[in-house]
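Comments concern the structure below.
The values are calculated or read from the model by the stated rules, or taken from the named source; none is laboratory data. Everything quoted here is computed from the prediction, not taken from an experiment. Cβ placement follows ideal geometry from the backbone for every residue including glycine, while neighbour counts extend to all protein chains displayed.
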Amino acid sequence: MAMIRPEVLAALSRWREALAGLALAALGLWAALGSFGILAWLGWAAVAAGAALVFAGIQRGRFRGRQGGPGFVEVVEGRIAYFGPLDGGAVALSEIEELRFDPSGAPPVWVLVQQGRPPLSIPVNAAGADALFDIFATLPGLRTGHLLAELEKGGRSPVVIWEHPSRLARRPRLH
C-alpha cells in the first residue's frame, strides 16, 4: 500500500471541495466537448456546478487548515459549543450580537458576543473549528470575503467582523 505523506494528505483534505469541483468541471468539459444533444448540455451543467464548487471550496480551504489547537468545537442545530481545557461555553446562533476576530493571542480566537452573557472565545485552530465557516456564513449580512481577509491578514488588534442588524440600528448616528 502506497503511503501518502501527512503534509500532502493535510493539503488535499484542506482543499477537498475545490479539488472535487475541478474534477467535476473537467469531467463536464470532457462530456460537453465530446458529445452532442442532451449529454453536451449535461456536460455544460456539470462545468457550471464544478465552477461553483471550486469557488465554495476555495473559501472553505482559506478558512480551514489551522489545526492542533486547544479544545474542540461542536455545532449542532444552530448551537455552537466550545469545550476547552480551561474554559468553554455555548451560544445559539440566534443570540450572537457580534462576531470578532482577535489575532493578538496565541492562537488567535473568534469572539462570539451575546447580550447579558460573557463572550465566548474559540481558538481558530481548535478541533472542529472548520465547521464555524458554514455557521458564520448564515449570519445575516456577513461578508465572507471580509472574514477570510481578516483571518489571513492576521493583524495585532481585535476587529469586528459582523454585528447583528438590530444592534447596528440601536447605535446612535453621528450624521
Legend entry - Single unsatisfied condition, E95 versus (1) in contact with a helix residue (DSSP H, G or I) (Cβ under 9 Å, 6 or more places away or on another chain); (2) modelled with pLDDT of 90 or more; (3) among the acidic types (D, E): (1)
Inset, instruction - Can you work out which of the residues in region 57-92 that are touching a helix residue (DSSP H, G or I) at 6+ places or on another chain (Cβ under 6 Å) and of a type in the set (A, V, I, L, M) is modelled with the lowest pLDDT? - result: I58
Inset, instruction - Specify the residue that is nearest to the chain's Cα centre (by Cα); the eligible residues are those in region 26-39 that are aliphatic (A, V, I, L, M) and surrounded by 15 or more Cβ atoms within 10 Å (Cβ to Cβ). - result: L29
